[in-house]
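Below you'll find the structure, written out as structure tokens, and then a few comments.
The values are calculated or read from the model by the stated rules, or taken from the named source; none is laboratory data. Quick caveat, the model's predicted, so the values are computed rather than measured. Don't worry about glycine lacking a Cβ; one is built from the backbone with ideal geometry, like all the others, and counts go over all protein chains shown. All accessible areas refer to the heavy atoms of the entire protein, side chains included, with ligands and DNA or RNA removed. Shrake-Rupley method; radii C 1.70, N 1.55, O 1.52, S 1.80 Å.
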Amino acid sequence: MPELPEVEGLAVSLGERLADRVVADVALASFSALKTVDVLPQSLHGRPVDGVRRYGKLLDVVVDGTHVVVHLMRAGWVQWHEQVPRTRLRPGGKSPVALRVTLDDGSGFDLTEAGTRKGLSVWMTDDLTTVEQLTSLGPDAVSLRPPLESPPLVAVDTATGEVGVTASTTAEERHLFWAGVLADRRTQVKRVLRDQSVVSGIGNGWSDEVLHTARLSPFALGASLGADEVGRLAEAVHGVLVAATERAVGSAPEELKDGKRGGMAVHGRTGEACPVCGDVVREVTYADSSLQYCATCQTGGQVLADRSTSRFVK
């Protein structure tokens, strides 16, 4: 699933490619993906693109004041075309394409979704506050501000051309924020990190990396963490996501998936050696997902039972 770094990378990449362009056509192939009816896709024809933003794990393409908000979910992605295929999309067909946007120069992009379980969602609206999936988001995981109030995360230095994360916070601010989030919260810290109403932008993959960096068990309860552990978690969230975002920005959409895995130490690396201590990376599997961790780095050498109903190491 695309998370904060990858969606930020998509936003920057699309923003550069859509600059000064006009929408020529919007073709909807999956009617179930469109969650709104107040703005029709064809109403975007002939209108200029204003820009692209990220809110949590959601992408927002702004077309002449109208927002096309996209949640890529588990298997969604953006496929860029220098020349959009001439093949006409068939609604309800077997193509992975859910929606296609063609620009005035013939370029454009598809919103695609692999597999049979469809979850990709698109909202077209003139008012972002009507999108509950957006207004219910917790503070952005990097800026620690409400997503709709957060400044752009990435900026390019006009003198050097270098890309940097600008929505910085101090270590004290980060520590205070996470201390407040975890106080009296008897919830596993892995679940806290993934709860978009608590903090937005972190999913299954980067939460594994944050916890590995912070040297914390994924099943430690939030309220059980001491001040030092909270501090490690706060710095890990910020450091891991900022570094991943800086790697993602500048990559083409088709490069971001492989780039994500390349920057990970434990997630998706079951059976491989931990790059920190050399122990084997282990896995806990659920019905529809899994997590990876290093016992030496995170649980004092104890192996977590691979069942969600077991007594886990705290």
Those residues of the stretch 208-239 which are among the hydrophobic types (A, V, I, L, M, F, W, C), within 17 Å of the chain's Cα centre (by Cα) and under 14 Å from A171 (Cα atoms), in sequence order: A236, V237
Selection within the stretch 277-302 - out of contact with any Phe, Trp or Tyr (no Cβ under 9 Å at 6 or more places or on another chain), modelled with pLDDT of 95 or more and in a loop (DSSP other than H, G, I, E, B): C277, G278, D279, G300, G301
Matching residues, the stretch 17-34, being charged (D, E, K, R) and closer than 16 Å to V70 by Cβ: R17
Qualifying residue in the stretch 203-214 (condition: open to solvent by 30 Å² or more (accessible area, probe 1.4 Å), of a type in the set (D, E, K, R) and outside the structural domain of L14 (by the TED database)): no
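In the stretch 260-273, is there at least one residue being closer than 30 Å to G164 by Cβ, open to solvent by 50 Å² or more (accessible area, probe 1.4 Å) and in a helix (DSSP H, G or I)? Write out each step before concluding.
So in the stretch 260-273, the residues closer than 30 Å to G164 by Cβ come out as 260-269.
Keeping just the survivors that are open to solvent by 50 Å² or more (accessible area, probe 1.4 Å) gives 261-262.
If we keep only those that are in a helix (DSSP H, G or I) too, we end up with 261-262.
Yes, because at least one residue in the stretch 260-273 is closer than 30 Å to G164 by Cβ, open to solvent by 50 Å² or more (accessible area, probe 1.4 Å) and in a helix (DSSP H, G or I).
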Only listed residue being surrounded by 15 or more Cβ atoms within 10 Å (Cβ to Cβ) and touching a residue at least 12 places away in the same chain (Cβ under 8 Å), chosen from D126, D140, D184: D140
Unique match (being modelled with pLDDT under 95 and crowded, with 17+ Cβ neighbours inside 10 Å) among G92, G108, G15, G56: G15
Selection status of T245, outside any strand (DSSP E or B), open to solvent by 10 Å² or more (accessible area, probe 1.4 Å) and out of contact with any Lys or Arg (no Cβ under 7 Å at 6 or more places or on another chain): no
